[in-house]
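Below is one structure, written out as structure tokens; comments come after it.
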Amino acid sequence: MSAQAAAFGALADVEGPDVELVRHAPLSIDGVEVGATLRPRDGEALARAIRSLAERGLAAVPIGGGRHLGLGNRPRRADALLCSSRLAEIEFEPAEGVCHAGAGVRLGALRARVARDGWELPLDAPDDATVGGAIAAAGIGPRTQGFGAPRDVVLGLEVVLGSGERTRCGGRVVKNVTGYDLPKLYTGSQGALGVIEGAWLRLRPRPACARVLELPERPRADAIARAVGASRLPSARACALQGEAGGALAGCVELAGAQASVDRDASWLAREHGAKEIGADAVDALRAAQHETPAPHGMRFRIPLLPTATLPTLAALGPEARVLVYPGLRLCYASFALASADDAAGAERAFASAAAAARASAGSTARASAGSFRCESAPPAAKRGRDVFGPAAAGEIALARALKVRFDPRGVLSPGRFTGDVG
Amino acid sequence: MPDLLTALRAVVGAEGVLARPEELFVYECDGLTLHTGSPRAVAFPRETHEVQGLVRACRAHGVSFVPRGAGTGLSGGALAADGGVVIECSRMDRVLSLDAENRIAVVQPGVINAALSKAALPHGLFYAPDPSSQLACTIGGNVAENSGGPHTLKYGATSNHVLALELVLPDGELVQLGSPTGWSAGLDLVGAVVGSEGTLGIATAVTVRLSPLPEGVETLLAIFPDVVSACRAVGAIIGAGLVPAALEIVDRRTIAAVEASVYAAGLPLDAGAVLLVELDGSAVALPGELARVRALAAAAGASRVEVARDADERARFWRARKGAFGAMGRLAPDLYVHDAVVPRTKLPDVIAGVCAIGDRHGLTLSNVFHAGDGNLHPNISFDRRDPDELRRVLAAGAEILALCVDAGGVITGEHGIGTEKRDFMGLLFGDDDLDAMRRLRAAFDPDGCCNPGKLLPTPRFCAESNPRARGYDRVPFE
């Protein structure tokens with residue numbers, strides 16, 4: 001019996017009344033095919049599933065809505081997906097401005113629920129992403145500028161560690177320094193240390209007013225200067241520039257807050273920059289564009305950048321890269337088309353461009369840690385032999401490894417996928 | 001091998017090391033004077049490589065070490081719990097760079113909090129976290145404690161403003177964590193280190209976000225007949241979707257102490273509580289927000305609302321709040337400043353419970369707190385020379401923490417755990433929760449030589465306390 005067949009059989013032992021096992025057509029995670037999904041019904045079942053996988057020497061990739069599966073290195077091993085979809089309870093107290101959501105709750109459903117009472121969920125991953133997935137991937141979108149990063153939204157987490165223990169960290173209150181800030185460590189850790197069961201989240205009041213304006217297409221330097229200025233308006237909640245790195249760029253700004261403030265800033269944008277009002281769905285379109293990769297074969301990178309370094313960063317990317325710049329977030333996304341899924345030379349060029357852009361992105365404040373980037377989507381062949389998390393400093397990788405072996409000593413959770421754990 | 005003191009002097013010079021008992025006396029505690037621990041030496045580095053050298057010297061001699069800023073912490077985090085070496089970072093006080101265009105600064109850990117804002121001011125920027133001790137406390141200490149302050153409600157605590165760290169690890173190696181943009185490709189190790197109370201290493205350079213000065217500021221004082229109605233006003237303001245920069249409550253006993261002191265702000269002595277509200281942001285939006293706050297305060301029972309007419313009056317309003325701790329010195333020789341957080345809707349009940357605990361123990365207890373965050377600071381004035389009173393102070397403190405945890409809260413919002421509350425961690429967390437924290441610590445400091453005895457309970461107490469552990473998630477909403 002092949003190792004794969006043996007693993008397939010062993011998964012049946014993990015199944016139980018509390019853990020559903022679904023066999024399905026193979027899903028490729030960077031070329032590693034996974035044909036089974038475990039769906040625990042609650043946190044205790046999730047913990048049992050992880051312990052059971054460990055006892056059998058199996059490995060699983062945690063999955064929420066599947067929105068961020070492209071992020072990560074090629075797994076060393078993946079016998080099953082570990083799906084949080086059944087952990088779907090919401091607890092919400094409007095007067096408190098916080099809520100608790102199971103990891104499997106879809107962001108769209110939670111947005112709708114809290115909006116009925118005048119609150120806004122400040123996580124800007126797509127509607128079909130789950131709470132657990134959006135936190136594990138630290139998923140962001142254009143409105144993250146106004147919302148704050150996911151790390152600033154998560155108040156507390158319940159996490160099943162790779163070693164199988166159910167744990168809690170943080171709290172449900174908006175201010176807390178009780179013990180280590182483990183919620184920040186887990187947010188963005190992609191399930192490499194543990195699988196999120198549920199989360200306490202800080203909500204924001206829904207703004208009284210929101211307007212979206214389009215910044216007309218301008219030559220690169222001019223467009224950047226205008227967008228940086230627009231992103232710093234008091235009511236700016238989102239601001240983006242799009243286009244080819246070597247060409248003209250068009251912008252989009254969302255203003256949100258008190259009516260008087262939004263109207264004043266909108267008038268200024270119209271007067272100074274010729275901005276024109278457009279529909280609010282333009283911001284949702286930006287979020288969708290952020291997750292797109294050129295078809296049929298392409299690569300997408302996330303490159304942090306300081307506002308003053310935007311122009312040299314785009315220049316380093318090369319004229320044909322498609323870019324989405326969030327000046328207020330200090331980030332840009334760059335996409336490259338490949339000739340084919342096996343276009344090794346194209347992948348090499350794309351990685352080299354991203355690395356050059358990252359070096360340019362930190363301006364004069366460069367320290368050893370500056371210049372980081374990560375590849376968020378690529379064909380399996382383009383990832384082979386590379387760490388998609390870019391050139392993290394050696395000390396940072398050593399710490400990531402030290403954490404991985406302590407939180408997931410048997411390598412049950414996505415072995416090989418995270419930085420510092422390259423197989 | 002040279003002895004420890006010789007090794008330390010080789011790194012920072014003879015003038016950079018204190019070791020005589022009378023010199024060490026001042027370093028035996030921080031702002032929490034009830035807990036003491038005398039170091040065997042105090043060393044004063046000026047540069048990163050000197051911190052590395054000091055750490056390596058300590059390691060070579062098998063001695064633990066404790067980073068220290070200004071010593072203004074309130075949980076015993078900066079004392080040498082097992083007689084180690086204090087590495088005092090106050091001489092590392094340079095702003096290394098200030099990039100106004102990108103709104104970031106890189107500072108050494110000994111830079112004083114208020115000095116950073118002062119340096120940023122000419123550029124129309126400021127450093128948002130503002131602990132009450134901001135005239136003395138250092139950025140390095142703020143990083144260790146994830147310090148907050150009155151404006152945390154809108155601007156967040158230190159962790160929200162630290163983008164990158166240069167960190168000397170407990171083995172003396174140097175790592176760069178995070179990036180000047182605030183985004184890292186891998187784990188959020190900056191987030192893990194901020195608030196780790198100096199147990200994961202010593203920050204030697206801190207890259208922080210600077211914020212633009214708001215266009216306008218409005219500050220108002222609302223006078224209430226009692227604390228409970230002031231708390232209700234806070235709930236109404238939060239529930240209405242307003243996000244003030246600060247929402248602070250000062251109770252009757254505190255008002256009396258402040259008005260009798262040099263911090264007197266003209267507060268009415270017959271008031272049950274005063275709510276201080278600061279709104280900032282877009283100048284055109286402020287008048288509307290101010291009107292809404294006035295109406296909500298009146299509806300909650302405010303007998304009078306005063307709006308500061310100018311900067312002097314704003315300073316007078318804040319004097320009542322920021323001078324409160326100093327004014328307590330009039331009441332008794334000692335002051336125990338407690339710190340806990342509860343869900344905001346539980347504030348009225350919890351405050352009533354806290355006062356009842358103080359009364360039951362026959363203590364002088366007053367409240368001044370960050371009401372918008374649900375962050376309580378019950379202050380107990382006492383005389384430590386009276387052993388019975390000291391016993392009652394400690395008993396009341398334990399009861400207050402239990403009350404807050406029962407309400408779904410946590411045992412510290414901004415002061416940290418330190419030595420003060422490490423044995424209360426079991427109120428909130430179980431064995432496995434605490435073990436996860438130990439794993440984080442061990443990944444950075446496998447030998448446990450960096451600020452030992454802080455933050456985590458001793459295994460003995462942990463085992464004893466665990467059966468009582470109750471999580472915030474088991475407390476239902478109203």
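Values quoted throughout were computed directly from the atomic coordinates according to the rules given, and no laboratory measurement underlies them. No experiment lies behind these values; they were computed from the predicted model shown. As a convention, Cβ positions derive from the backbone with ideal geometry for all residues, glycine included, and neighbour counts pool all protein chains shown.
Structural remarks
- For the stretch B:4-89, dividing the convex hull volume of the Cα atoms by the residue count gives 79 Å³ per residue.
- Cross-link table B:K154/B:K454; A:K175/B:K322; A:K175/B:K346, entries beyond 23 Å C-alpha to C-alpha: B:K154/B:K454
- Taking 13 Å as the straight-line reach from the Cα of B:K118, the aspartates and glutamates in range (excluding those fewer than 8 positions away in the same chain) are B:D130.
- Hull shadow area, averaged, the stretch B:216-415 [alpha-carbon convex hull, nm²]: 10.6
- For A:G411, net neighbour charge (Lys/Arg +1, Asp/Glu -1) across residues whose Cβ lies under 11 Å away: +3
- Cβ charges +1 (Lys, Arg) and -1 (Asp, Glu), total dipole of chain A, debye: 820
- Shielding value for A:181-194 is 5, the average number of Cβ atoms from other chains within 10 Å of each residue's Cβ.
- For the stretch B:153-253, alpha-carbon Rg relative to the globular expectation (2.2 N^0.38 Å, N residues): 1.53
- The alpha carbon gyration tensor of chain A gives principal lengths a ≥ b ≥ c with a/c of 1.5 or higher and a/b no greater than b/c, which makes the shape oblate.
- Over chain B, equivalent-ellipsoid semi-axes from the Cα gyration tensor in Å: 37, 27, 21
- Counting every pair of alpha carbons in the stretch A:258-332, the share spaced more than 18 Å apart comes to 59 percent.
- Given charges at beta-carbon only (K, R positive; D, E negative), |dipole| of chain B in Debye: 340
- Over all orientations, the stretch A:90-205 has a Cα convex hull whose mean projected area works out to 6.5 square nanometres.
- Using alpha-carbon coordinates, inclination of helix B:311-322 to the longest axis of chain B, degrees: 70
- Shape category assigned to the stretch A:265-379 from the gyration tensor of Cα positions, a/c cut at 1.5: oblate
- Where only DSSP H runs of four or more residues are counted, the protein assembly as shown gives -9500 deg cm²/dmol as its mean residue ellipticity at 222 nm, each run worth -39500 (n - 2.57).
- Counted by neighbouring Cβ atoms within 10 Å, the residues B:S196, B:S303 run from fewest to most as B:S303, B:S196.
- Considering only B:L200, A:N176, B:V86, the residue lying farthest towards the positive end of the dipole of the protein assembly as shown is B:L200, judged by Cα position with unit charges set on Cβ.
- The stretch A:208-290 shape via C-alpha gyration tensor axes, a/c threshold 1.5: oblate
- Taking every DSSP beta bridge that has both ends in the stretch B:4-89, the antiparallel portion is near 20%.
- Most positive-pole-ward Cα, A:A354, A:G385, A:G328, against dipole of the stretch A:292-390 from beta carbon charges: A:G328
- Cα-based helix-to-principal-axis angle, B:227-239 vs chain B, degrees rounded to 10: 80
- Since only A:G97, A:V61, A:C83 are under comparison, the one whose Cα sits farthest along the positive direction of the charge dipole of the stretch A:1-124, derived from C-beta charges on Lys, Arg, Asp and Glu, is A:V61.
- Contact order normalised by residue count of chain A, Cα under 8 Å, 6+ apart, percent: 16
- Kirkwood Rh (inverse of mean 1/r, distinct Cα pairs), the stretch A:25-130, angstrom: 15.3
- Cα-centre dipole for the stretch A:90-205 with unit charges at Cβ (Lys and Arg positive, Asp and Glu negative), debye to 20: 160
- Computed P(r) (all Cα pairs; the stretch A:147-276; 10 Å bins; percent): 12, 30, 19, 22, 15, 2
- Kirkwood hydrodynamic radius of the stretch B:92-212, Cα pairs, Å: 14.0
- Crossing angle, helix A:43-55 versus chain A [Cα axis fit, 0-90 degrees, rounded to tens]: 60
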